[in-house]
Amino acid sequence: MKKSIILLLFVLFVLNTKAQEERKYFFWEMSDAKSRNVTYLLGSIHLGNSKLFPLPDKIESAFDRSSVLVLELDLNSIDPFQLANRAMYLDGRTLEEALSPKTYRMLINKLEENGITEDIANFFKPWFAAMIASISYYEGEGLSTEYGIETYFLKKANEKGKTLAELESIDEQVNVFDALPDSLNDLVVDYILSGVAGGTEFDTEKLIDSYISGNEKELSSYLFNNENPSEIELLFQNRLLIDRNIKMSQKIEEYHKSNTIHFVIAGTAHFLGPNGIIEILNKKGYRIKRF
């Protein structure tokens, strides 16, 4: 009887270990040769589902050891009025005036499908309206910010009284699209809604699965799905990823040198590829170990 119980416990241990190994995610430890400093880097999905949890022990333990949670943006510090001033037309202009009739109607249809009336939508700037439509689409596919990695760790950080920091300001994030000339408004909407309005929707369950398994090749096929981007797509990629990756890497370096353990979370796309944060830090001589 005792042997049977021991065997059962052993089998359960092996199965649990295997399950943990299969849930790899995108998680790295950053160190350097000059100090004992350690920084943890976690690639995230901003909207997720319950399949993401529980997270591997290695990630939870690293968070517990950390003193500071670093997000792309400190969500506790967002001023809704400041955001509204940047995301909405408050000077009499309208969304309809900012877009071509075809793009406007497509975007309005997407918003109305999710309960946002045309009268309300006309206060939105094109990039903000497109983001609302995009988030609504993914929520319709079963994803939610409630299950986002940032949401989960922000709640834990608030409960534990951890210090919060950010990689970018709200103005820096908004400027990615808001600082572009109005002549690009239609292209901005098309870019944000690519894969949502253009009939090329991908399987969100496969996206979640590739993230959980830590399959970089598969996830990259979702995140960087155009091998021959146009000139305008390159512009958006530079603004959305490459330029920001450089600045984020600099902030991570600053935090790393502070002699305090930081737990950094950013969208997984920022870490991957030849222009990603991991490669940038590698080239600067930091030791990056993937778990």
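The values are calculated or read from the model by the stated rules, or taken from the named source; none is laboratory data. No experiment lies behind these values; they were computed from the predicted model shown. All Cβ positions, even for glycine, are placed from backbone atoms using ideal geometry, and neighbour counts span all protein chains on display.
Details
- Qualifying residue in the range 130-152 (condition: more than 25 Å from Y222 (Cα to Cα) and surrounded by 18 or more Cβ atoms within 10 Å (Cβ to Cβ)): no
- Each residue in the range 246-263 was checked for being part of a helix (DSSP H, G or I), touching a residue at least 60 places away in the same chain (Cβ under 8 Å) and over 18 Å from the mean Cα position of the chain (by Cα), and 2 of them qualify.
- Helices (runs of 4 or more DSSP H) (entirely within the range 1-110) containing at least 1 residues that are at pLDDT 95 or above and surrounded by 11 or more Cβ atoms within 10 Å (Cβ to Cβ): 57-65, 80-87, 95-98
- Residue check for Y137: farther than 22 Å from N245 by Cα and hydroxyl-bearing (S, T, Y): yes
- Lone unmet requirement of (1) surrounded by fewer than 16 Cβ atoms within 10 Å (Cβ to Cβ); (2) modelled with pLDDT of 95 or more; (3) within 21 Å of F177 (Cβ to Cβ) for A269: (1)
- Inter-residue pairs, beta-carbon under 8 Å, first more than 27 Å from G48 (Cα to Cα) and part of a loop (DSSP other than H, G, I, E, B) and in the range 264-287, second modelled with pLDDT of 95 or more and hydroxyl-bearing (S, T, Y), 6+ apart: K284/S249; Y286/S31
- Per the listing S169, S183, the residue uniquely among the small types (G, A, S) and within 16 Å of the chain's Cα centre (by Cα) is S169.
- Among (1) out of contact with any Leu (no Cβ under 8 Å at 6 or more places or on another chain); (2) in a helix (DSSP H, G or I); (3) modelled with pLDDT under 95, the one test that Y138 misses: (1)
- Within the range 149-174, the set of residues being at pLDDT 95 or above, at negative phi, of a type in the set (G, A, S) and outside any helix (DSSP H, G or I) comprises just one member, A165.
- Taking first residues from the range 227-245 that are in contact (Cβ under 8 Å) with a residue 40 or more places away in the chain and partners that are in a loop (DSSP other than H, G, I, E, B) and among the hydroxyl-bearing types (S, T, Y), the Cβ contacts under 9 Å between residues at least 6 apart in sequence or on separate chains come to E233/S194.
- Some residue of the range 195-208 being crowded, with 17+ Cβ neighbours inside 10 Å, polar (S, T, N, Q) and modelled with pLDDT of 95 or more: no
- Residue within the range 243-255 that is surrounded by 17 or more Cβ atoms within 10 Å (Cβ to Cβ) and in contact with a Ser or Thr (Cβ under 7 Å, 6 or more places away or on another chain) present: yes
This table checks each residue for (1) crowded, with 16+ Cβ neighbours inside 10 Å; (2) of a type in the set (K, R); (3) under 19 Å from K58 (Cβ atoms).
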{"residue": "S213", "(1), (2), (3)": "no, no, yes"}
{"residue": "E227", "(1), (2), (3)": "no, no, no"}
{"residue": "E233", "(1), (2), (3)": "no, no, no"}
{"residue": "H262", "(1), (2), (3)": "yes, no, yes"}
